[in-house]
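S.K.: The structure is given below, and queries will be raised subsequently.
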Amino acid sequence: MEYLRPLTRVLAVGILIMALAWEHIEATRLGYEVESSRRQEQSLQSSIGSLKMRLETNVSCGRLTQAAKRIGMLPAPPAALRVLDSLPDINSKQSAWSRISAKLSQVFSPSV
């Protein structure tokens, strides 16, 4: 049995070395993954910035006026304008589209 004691120590040291090597490899892999995620985040932030700028450009008053004229839209006459009684509740769980469609059905429903 005395001959197993050195073998057990060598085996224990070997397992310890393997565990430390695996830990180092995992730490390196996670470091690369974090760096890759950081680069992806920067790329997405850049894309968001350019998309916001495009959106602001495309919905600017001058741009919308040009587009409206190009497709033949005219300003509404003052008699056609409606004043809303109140602002919609933005905290409502009802979607914006369902609120708009409900309002349109009220406006355009035949009066009895």
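Here, each number is a calculation from the coordinates, and none is a lab measurement. Note that this is a predicted model, so its numbers are computed, not measured. Please note: Cβ atoms are built from the backbone with ideal geometry, for glycine as well, and neighbour counts cover all protein chains shown.
S.K.: Please give the calculated 222 nm ellipticity per residue for the chain, where each DSSP H segment of at least 4 residues contributes -39500 (n - 2.57) and the sum is spread over every residue; nearest 500 deg cm²/dmol?
M.R.: -25000 deg cm²/dmol
S.K.: May I ask you to sort 71, 100 by Cβ crowding, counting other Cβ atoms within 10 Å and putting the fewest first?
M.R.: 71, 100
S.K.: Against the empirical 2.2 N^0.38 Å scaling, what ratio does the C-alpha Rg of region 1-73 come to?
M.R.: 2.74
S.K.: Could you calculate the FRET efficiency of residue 79 with residue 44 from 1/(1 + (r/R0)^6), where r is the beta carbon distance between them and R0 is 41 Å, rounded to 0.05?
M.R.: For residue 79 and residue 44, the calculated efficiency is 0.30.
S.K.: To the nearest 20 Debye, how big is the dipole of the chain about its Cα centre, given +1 on the beta carbon of each Lys and Arg and -1 on that of each Asp and Glu?
M.R.: 680 debye
S.K.: Any idea what angle helix 4-58 forms with the longest principal axis of the chain, computed on alpha-carbon atoms, 0 to 90 degrees, nearest 10?
M.R.: 20 degrees
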